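The values are calculated or read from the model by the stated rules, or taken from the named source; none is laboratory data. None of these values were measured; they are calculated from a predicted model. Positions of Cβ are backbone-derived with ideal geometry, glycine not excepted, and every protein chain shown enters the neighbour counts. Ligands, DNA and RNA are stripped out before the accessible areas are found, and what is left, the full protein with its side chains, is counted by its heavy atoms. Shrake-Rupley method; radii C 1.70, N 1.55, O 1.52, S 1.80 Å.
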Amino acid sequence: MPTEARKFDVVVIGAGAAGMMCAAVAGQRGRRVALLEHNAQPGRKVLISGGGRANFTNIHAKPENYISDNPHFVKSALALYTPRHFLGLVERYSVAWHEKTLGQLFCDGSARQIVDLLLAECTRAKDSGGSVELICNAHGVRVERRSDEFAIACTAGEFRCAALVIATGGLSIPQLGATGFAYETAKQFGLNVIAPRPALVPLVLSSEESAWTALTGVSAMVEVRAKHGPAFREKLLVTHRGLSGPAVLQVSSYWREGEMLAVDFGPGTKLLASLFEKNARRDAAAFRQVLRSALPQRLAGHLAETAMPEKWTNAVLEETERRLHAWTFHPAATEGFAKAEVTAGGVDTRELNSKTMEARKMPGLFFIGEGVDVTGWLGGFNFQWAWSSSVAAGRAV
Ligand code: FDA
């Protein structure tokens with residue numbers, strides 16, 4: 001005999017950052033919420049985030065820090081629930097934190113504190129007459145619309161609800177339980193999806209540029225720019241397959257296959273300035289020396305051999321200086337979803353109400369977090385989107 005479907009006001013699918021936050025907010029409004037997760041535990045990505053310390057927000061987060069086909073979409077949610085709001089929550093739970101750099105806030109202790117805080121907020125729902133029931137190991141989730149409610153079936157049973165929130169994230173790191181469920185569900189209900197692609201991801205160099213990989217482990221402060229998007233002045237790291245480090249991860253979210261990257265190896269400085277001084281020695285040894293004085297040794301050595309001027313005239317030196325500030329790379333690919341910190345693309349924001357995250361074509365259906373076509377920069381911006389979008393939906397369901 002099939003068991004009878006359990007009725008809730010709200011079912012949230014995916015107990016990651018966004019799903020737990022949304023369930024807590026809805027529960028604290030007196031809603032009866034079921035939070036379904038296919039992993040055996042909630043928040044696995046949160047637990048490993050920020051090197052185990054969770055860069056849980058960026059205090060400077062603003063719409064310009066997000067990539068979307070529709071860049072205005074993030075404004076309402078980010079204004080509704082700001083980094084200061086989340087920091088207030090962190091402080092209410094006495095979680096010690098510090099600012100690492102550029103507004104990036106991390107736990108002093110462990111990312112586990114953020115998961116515990118979110119679960120405690122879910123438990124607090126009962127103070128307002130609501131409830132959040134977390135159901136893990138819910139495999140094979142399927143959803144369908146039945147008259148004015150949604151029917152959800154999975155290995156954990158059958159559920160009915162008036163409001164259904166999809167918080168299953170993107171495709172990054174399948175080993176942690178990432179699936180394309182948000183995209184499949186959007187398509188099932190006739191919503192457009194912007195093709196998902198790996199973002200905040202290392203880039204692979206082609207065989208023509210593979211000589212660079214001999215510098216594996218070299219790291220330098222640079223400014224990197226893709227064809228579209230802003231330049232990022234942060235560290236670049238050479239890997240055995242290509243390029244990584246914060247500067248490259250940032251531009252990877254803007255980079256598209258076939259495009260090049262321009263790297264400035266001496267942002268804000270004139271690397272060869274001393275060669276232009278009166279009576280300066282101008283030869284290969286002097287050229288190597290000026291690069292060594294400004295750059296990490298192995299990088300300086302590589303650049304000196306690759307960019308060695310053929311003549312020592314002012315014109316040739318100026319051209320060499322220009323080249324060192326706009327060194328072009330032609331990445332062949334990204335390292336894919338297995339190495340991507342986030343997924344760009346996702347449910348087309350034009351399909352959603354920016355104040356509530358509800359699907360325009362399907363009242364009662366909401367999408368939040370990384371499954372939506374909103375991708376933050378590196379540095380706490382993606383969690384802030386998870387919090388802001390989930391509070392917007394949690395107050396509307
Ligand atoms: P999230 O992926 O957190 O949660 C989705 C949940 O849905 C998961 O629990 C998943 O198991 C579940 N799920 C998926 N499919 C399902 C299905 N079919 N049925 C049931 N459940 C399903 N960001 C940041 O701001 N600061 C940081 O420090 C970091 N660090 C970081 C490190 C690493 C290694 C990674 C991979 C990513 C980060 N990020 C980050 C990004 C950040 O983790 C990410 O943007 C948020 O977790 C997104 O939150 P969501 O809730 O949308 O998805």
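Calculate, for the range 165-263, the solvent-accessible area per residue in square angstrom, rolling a 1.4 angstrom probe over the heavy atoms of the protein chains.
40 Å²
Please report the equivalent ellipsoid semi-axes of the range 111-263, computed as sqrt(5 x eigenvalue) of the Cα gyration tensor, largest first, in whole Å.
After diagonalising the Cα gyration tensor, the semi-axes are 42, 20, 14 Å.
Nearest 5 is fine: what % of DSSP beta bridges in the chain come out antiparallel, could you say?
Approximately 70 percent, going by the DSSP bridge assignments.
Which angle from 0 to 90°, rounded to the nearest 10, does the C-alpha axis of helix 112-123 make with the longest principal axis of the chain?
20 degrees
Once the Cβ-Cβ distance between ALA285 and ARG112 is put in as r, and R0 is 51 Å, what FRET efficiency do you end up with, to the nearest 0.05?
0.40
Tell me the carbon and sulfur percent of the accessible area for the range 95-202, rounded to whole percent, probe radius 1.4 Å.
Roughly 51 percent of what the probe reaches on the range 95-202 is carbon or sulfur.
Over the Cα atoms of the chain, how large are the radius of gyration and the largest Cα-Cα distance (Dmax), in Å?
Computed over the Cα atoms of the chain, radius of gyration and Dmax are 24.5, 95 Å.
What do the square roots of 5 times the Cα gyration tensor eigenvalues come to for the range 276-397, in whole Å, largest first, as semi-axes of the equivalent ellipsoid?
They are 54, 14, 13 Å, listed largest first.
In terms of the Cα gyration tensor, with a ≥ b ≥ c the square roots of its eigenvalues, is the range 118-196 rounded because a/c is under 1.5, prolate because a/b exceeds b/c, or oblate?
oblate
Loop sites only, by DSSP: take the GluC sites (Glu not before Pro) in the chain that have at most 11 other C-beta atoms within 10 Å and name the longest stretch containing none of them.
5-256
Determine the shape class of the range 309-350: with a ≥ b ≥ c the square roots of the Cα gyration tensor eigenvalues, call it rounded for a/c under 1.5, and otherwise prolate if a/b is greater than b/c, oblate otherwise.
Taking the square roots of the gyration eigenvalues as a ≥ b ≥ c, the range 309-350 is prolate.
Viscosity 1.306 mPa s, temperature 10 °C: give me the Stokes-Einstein translational D for the range 6-155 in µm²/s, with Rh taken as the Kirkwood radius over C-alpha pairs.
Stokes-Einstein gives a translational diffusion coefficient of 95 µm²/s.
Output the 0 to 90 degree angle, nearest 10, between the alpha-carbon long axis of helix 284-294 and the longest principal axis computed from the alpha carbons of the chain.
Compared with the principal axis, the helix lies near 30 degrees.
Compactness ratio of the range 84-148: Cα Rg over 2.2 N^0.38 Å, N = residue count?
1.57
What fraction of the Cα pairs in the range 216-297, stated in percent, has a spacing above 16 angstrom?
58 percent
The range 261-338: percent of C-alpha pairs farther apart than 20 Å?
Cα-Cα pairs of the range 261-338 separated by over 20 Å account for 33 percent.
Give the distance, in whole Å, between the Cα centre of the range 186-241 and the Cα centre of the range 13-39.
Using only Cα atoms, the two centres lie 33 Å from each other.
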